[in-house]
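One structure is given here, and the rest of the page talks about it.
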Ligand code: ME8
């Protein structure tokens, strides 16, 4: 029976250009797809963009562009980036594509035919950032405003007539689905989703009348389909739509082999709403959902709205090559958990794993072959007859190769790229040890040409296998390695465990594959990257200007009690991304303030600073802490810099 593999990334919102977070999911999916293709599975890899909804509608409006033109511009940037990063998707789907539009209509009709859609008046809170409905438990209250804790901006009140989906009807079926082994991975995520469903499901609003940028509801075009029902359907649109998934054998088989790769921010949409929509539409759920963690920068989730967390994959790849960054994210983070990014760790892996281990093995083998053996191309064991016993070194090398191939295959099968690469590196290191111990350069002097050639043949075979095994992570480097050892850059195969021996090949001139970057140059590059990284969020140029300030009288200003205050303590507010709790000294008097500046400042950077404090703001309870006033900073939703004083002032000094 044919073997199928279908992997999807989330379709990304076009309110941002690619960043390290979206790069991560996309590269993991790409590497998995490359591995499965190489081992012969009928593979399909889908990525794309999520273009409808209120967020994009508003953004285009603020920029004075039509939504379609706006989306086209961002999509071009996504495609260019993915191309530069070697992303081998089978389709880049856009929710503005005509076949997707048809698939969404078909989904709607199927769900409706099943009696799961009804019309009702709705009065609810909506966060445009999440494109999600919010309950009282989902929001935080700050000075009378209800804020989305993720986006730190007020939720909007929506009062409309909406179509609703009978989500509540599917609770038992969902709970049964979660018991299917591997449906939600890792296991901890399964427990989280199970708890959520057990705590009670409400029916879900699945249409909007106040939003125009979307797919009209069949037979009632005053409404557009809720953006998440629209977006999630992309996974079946790409296979030809819901009907085809049920009738076409290949679409059916691929769907049964489909894993949605996502991060934890959108787990509920994929593990609760999506399977419920599918069940209602009479479609089987996919094979499963694999939920990975967040990449953070200095402990902060990489986010469109937090400037300090910007890392531009294009800049890094431009200097080091896309493969180094691909290798880094796949090797450094264990899929499922969170992981912190630093440029220093990236250079560390570039220098040691890529330069010292893999690069060195290739370079010294190819150099030796060219100088000692005249571009060696003989097949394996030229100097011995077949029955000769293996040397201890060769035995060790072959064992390491077989073990690495087995362990790496298992790890890729289990969605564990980091472990797969770790196993591959055990073989690469064994190759270097083999060269050190057999010292072929001495054999040349001793005139032992046959042994010399056999050792080079063994090393070439390890390199050939290594190239095939690193290809899912580093397709360009793998091709170059194969070229240097005189093989076709045929990456479409995964090596077998059995040691077949070196098939021969005329080696080329050696050329470093991962050139060293000296420490001074590393520092220089990091500084340039930090300086040049553009905002990932597409900021509407006009937005600041549109927030026209109202005039107030001097008497109103005088009501503000502004003070210089010294930060004596700072800590993160647990389970939040942006909030810090500060203890301020007002000249003997102590105040507590909860402030949303964690995206721009680490707690340790704040202690000892004197900040500008608005002291007589009405206290508000934020995440269980009474916040007494606020500290002032430049910027809007994104904090740019805290207000400070240009010389020492005593804590508590009045500001006017
Ligand atoms: O949610 N670490 O789109 P989105 C790891 N359009 N992964 C990250 C990340 C980080 N710091 N930041 C982002 C949407 N990601 C919807 C999806 S699907 C039917 C609709 C990755 O542009 C991760 O995969 O906000 C996360 O789930 C996704 O980007 C969110 O992308």
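With respect to (1) touching a strand residue (DSSP E or B) at 6+ places or on another chain (Cβ under 7 Å); (2) free of Cβ contacts under 8 Å to residues at least 60 places away in the same chain, the lone exception for residue 78 is condition (2).
Looking at the structure I just gave you, is residue 631 touching a residue at least 12 places away in the same chain (Cβ under 8 Å) and in contact with a helix residue (DSSP H, G or I) (Cβ under 9 Å, 6 or more places away or on another chain)? No.
Scanning segment 153-168 turns up at least one residue that is in the same structural domain as residue 277 (by TED's automatic domain parsing), assigned to a loop (DSSP other than H, G, I, E, B), more than 24 Å from residue 242 (Cα to Cα) and out of contact with any helix residue (DSSP H, G or I) (no Cβ under 7 Å at 6 or more places or on another chain).
Selection over segment 135-164 of residues that are more than 19 Å from residue 301 (Cβ to Cβ) and within 16 Å of the ligand (Cβ to nearest atom) gives a count of 0.
Taking segment 329-344 only, how many residues are in a helix (DSSP H, G or I) and within 14 Å of the ligand (Cβ to nearest atom)?
Going through segment 329-344, the residues in a helix (DSSP H, G or I) turn out to be 329-332, 343-344.
Going one step further and asking which of them are within 14 Å of the ligand (Cβ to nearest atom), we end up with 329-330, 332.
Residues flagged as in a helix (DSSP H, G or I) and within 14 Å of the ligand (Cβ to nearest atom) within segment 329-344 amount to 3.
For residues that are touching a strand residue (DSSP E or B) at 6+ places or on another chain (Cβ under 8 Å) and within 9 Å of the ligand (Cβ to nearest atom), tally how many sit in segment 256-268. Adding up the residues that qualify gives 7. Right, residue 216: over 14 Å from residue 133 (Cα atoms) and free of Cβ contacts under 8 Å to residues at least 40 places away in the same chain or not? Yes.
Scanning segment 276-290 for residues that are within 13 Å of the ligand (Cβ to nearest atom), under 14 Å from residue 178 (Cα atoms) and touching a helix residue (DSSP H, G or I) at 6+ places or on another chain (Cβ under 8 Å) yields a count of 2. Here residue 485 clears all of (1) in contact (Cβ under 8 Å) with a residue 40 or more places away in the chain; (2) outside the structural domain of residue 355 (by TED's automatic domain parsing) except the condition numbered (2).
Residues that are under 32 Å from the mean Cα position of the chain (by Cα) and outside any loop (DSSP other than H, G, I, E, B) within segment 582-603 comprise 582, 594, 595, 603, listed in sequence order.
Scanning segment 116-134 for residues that are away from the ligand (no atom under 16 Å from the Cβ) and in contact (Cβ under 8 Å) with a residue 40 or more places away in the chain returns 116, 117, 118, 119, 120, 121, 122, 124.
The values are calculated or read from the model by the stated rules, or taken from the named source; none is laboratory data. Every value quoted in this text rests on a predicted model; they were computed, and no experiment measured them. Ideal geometry is used to build each Cβ from the backbone, glycine not excepted, and the neighbour counts take in all protein chains shown.
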